[in-house]
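Some notes on the structure that comes next.
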Amino acid sequence: MRTILLGAPGSGKGTQGDLVAKRFGFPRISTGDLLRLAVQQRTALGKAAEALMKQGLLVSDEIVEGLVRERISSPDCRSGYILDGFPRNLAQAHALEKMDGKRPEVVIGIEVPTPILVKRLSRRWVCPECQAVYNMNVQAPKDKGRCDACRSDLIQRDDDKPEVIRERIKVYQDQTEKLIRYYQKKSVYRPVNGEGTVKAIFQRMAGVLAAELAKLEENRVRP
Ligand code: AMP
């Protein structure tokens with residue numbers, strides 16, 4: 001089963017994706033994380049992506065499609081995987097179907113009103129070492145400015161600065177929302193209310209995924 005997480009920046013895709021990955025045993029693949037790693041390691045691909053990412057703009061389809069193609073061919077993705085941040089436009093959705101078209105899929109759309117997204121992103125701090133994510137209001141680290149897990153100093157992402165946040169949300173609304181209509185037509189889109197506590201949202205997401213996996217299993221055993 002392929003699970004695609006759709007949702008604006010700040011909708012909680014990363015946090016929820018991690019929890020879902022742990023509960024269901026599928027790896028979470030975040031194109032944002034893969035790109036940030038390439039930037040950090042100063043690879044050619046990272047250098048090509050860096051300026052666009054800083055402005056909150058999308059990196060070329062070719063680059064991200066290459067990253068995803070390589071990642072999903074790993075043995076740990078054989079029984080399924082969770083995509084966070086990909087596809088982000090229709091061209092990427094079509095490319096994904098070409099790469100791995102036969103796999104059943106479910107698309108979970110995490111829905112959050114824009115003012116809440118802006119508030120969440122401007123209070124987000126991340127650990128540059130282990131990628132843990134904190135929110136200074138609802139999920140603050142125990143020691144101010146320090147990662148609970150690995151004790152590194154927390155940083156604010158370049159693209160979580162207020163002027164860039166608005167650009168990222170606009171890019172999402174312009175491009176990614178077309179994907180919702182596309183997946184609605186395919187009857188695989190499942191909206192989830194993304195407001196509330198991390199635990200409450202996770203319970204909604206886990207409910208959706210468990211139901212989809214049960215349906216898949218039922219179809220498999222039916223003669
Ligand atoms: P994210 O962590 O998903 O918010 O992604 C951070 C940034 O990485 C985005 O603002 C884009 O610049 C880039 N990025 C991540 N995924 C994609 C994608 N599927 N297509 C194009 N650019 C992407």
Failed item in (1) within 16 Å of the ligand (Cβ to nearest atom); (2) of a type outside the set (Gly, Ala, Ser); (3) at pLDDT below 95; (4) within 22 Å of residue 178 (Cβ to Cβ), with residue 64 passing the rest: (3)
The listed residue being touching an Asp or Glu at 6+ places or on another chain (Cβ under 6 Å), at pLDDT 90 or above and under 22 Å from residue 79 (Cβ atoms), out of 5, 34: 5
Scan of segment 166-189 for residues that are buried (at least 18 other Cβ atoms within 10 Å of the Cβ) and in contact with a strand residue (DSSP E or B) (Cβ under 8 Å, 6 or more places away or on another chain), ordered by number: 176, 179, 183, 189
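Can you go through 103, 123 and tell me which one is surrounded by 14 or more Cβ atoms within 10 Å (Cβ to Cβ), more than 14 Å from the chain's Cα centre (by Cα) and farther than 18 Å from residue 159 by Cα? Spell out the reasoning first.
Values: 123 fails: farther than 18 Å from residue 159 by Cα.
103 is the lone residue from the list that is surrounded by 14 or more Cβ atoms within 10 Å (Cβ to Cβ), more than 14 Å from the chain's Cα centre (by Cα) and farther than 18 Å from residue 159 by Cα.
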Condition met for residue 115 (without any contact (Cβ under 8 Å) to a residue 40 or more places away in the chain and surrounded by fewer than 19 Cβ atoms within 10 Å (Cβ to Cβ)): yes
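Given the criteria more than 11 Å from the ligand (Cβ to nearest atom) and over 26 Å from residue 116 (Cα atoms), does residue 28 qualify? So that I can check it myself, show each step before the final result.
Values: more than 11 Å from the ligand (Cβ to nearest atom): yes; over 26 Å from residue 116 (Cα atoms): no.
Considered against the rule, which asks whether it is more than 11 Å from the ligand (Cβ to nearest atom) and over 26 Å from residue 116 (Cα atoms), residue 28 comes out as no.
For residue 35, are the conditions met, namely being near the ligand (Cβ under 8 Å from one of its atoms), farther than 25 Å from residue 192 by Cβ and in a loop (DSSP other than H, G, I, E, B)?
On the way: near the ligand (Cβ under 8 Å from one of its atoms): yes; farther than 25 Å from residue 192 by Cβ: yes; in a loop (DSSP other than H, G, I, E, B): no.
No.
In segment 199-223, which residue that is part of a helix (DSSP H, G or I) and among the basic types (Lys, Arg) is surrounded by the most Cβ atoms within 10 Å (Cβ to Cβ)? It would help to see each step written out before you state the result.
Filtering segment 199-223 for residues part of a helix (DSSP H, G or I) gives 199-221.
Then drop every residue that is not among the basic types (Lys, Arg), which leaves 199, 204, 215, 220.
Numbers: 199: 8, 204: 18, 215: 12, 220: 8.
If we take residues in segment 199-223 being part of a helix (DSSP H, G or I) and among the basic types (Lys, Arg), then 204 is surrounded by the most Cβ atoms within 10 Å (Cβ to Cβ).
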Count of segment 120-165 residues which are basic (Lys, Arg), in contact (Cβ under 8 Å) with a residue 12 or more places away in the chain and more than 16 Å from the ligand (Cβ to nearest atom): 0
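Return yes when residue 46 is without any contact (Cβ under 8 Å) to a residue 60 or more places away in the chain and more than 15 Å from the chain's Cα centre (by Cα) and no when it is not. Write out each step before concluding.
Working: without any contact (Cβ under 8 Å) to a residue 60 or more places away in the chain: yes; more than 15 Å from the chain's Cα centre (by Cα): yes.
Criteria met by residue 46.
For segment 112-198, which fully contained helices (runs of 4 or more DSSP H) count at least 2 residues that are among the hydroxyl-bearing types (Ser, Thr, Tyr)? Walk me through how you get there before you give the answer.
Working: elements: 114-122, 162-171, 177-185.
In segment 112-198, the matching helices (runs of 4 or more DSSP H) lie at 114-122, 177-185.
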Those residues of segment 76-95 which are under 22 Å from residue 60 (Cβ atoms) and more than 15 Å from the chain's Cα centre (by Cα), in sequence order: 90, 91, 94, 95
Test set (1) of a type outside the set (Ser, Thr, Tyr); (2) crowded, with 19+ Cβ neighbours inside 10 Å; (3) touching a helix residue (DSSP H, G or I) at 6+ places or on another chain (Cβ under 8 Å); (4) part of a helix (DSSP H, G or I) - residue 17 fails condition number: (3)
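What are the residues in segment 72-92 that are part of a helix (DSSP H, G or I) and near the ligand (Cβ under 10 Å from one of its atoms), if any?
Let us first name the residues in segment 72-92 that are part of a helix (DSSP H, G or I), namely 72, 75-77, 90-92.
Within segment 72-92, 91, 92 qualify.
The values are calculated or read from the model by the stated rules, or taken from the named source; none is laboratory data. Nothing here was measured: the structure is a model prediction, and the numbers come from that model. Don't worry about glycine lacking a Cβ; one is built from the backbone with ideal geometry, like all the others, and counts go over all protein chains shown.
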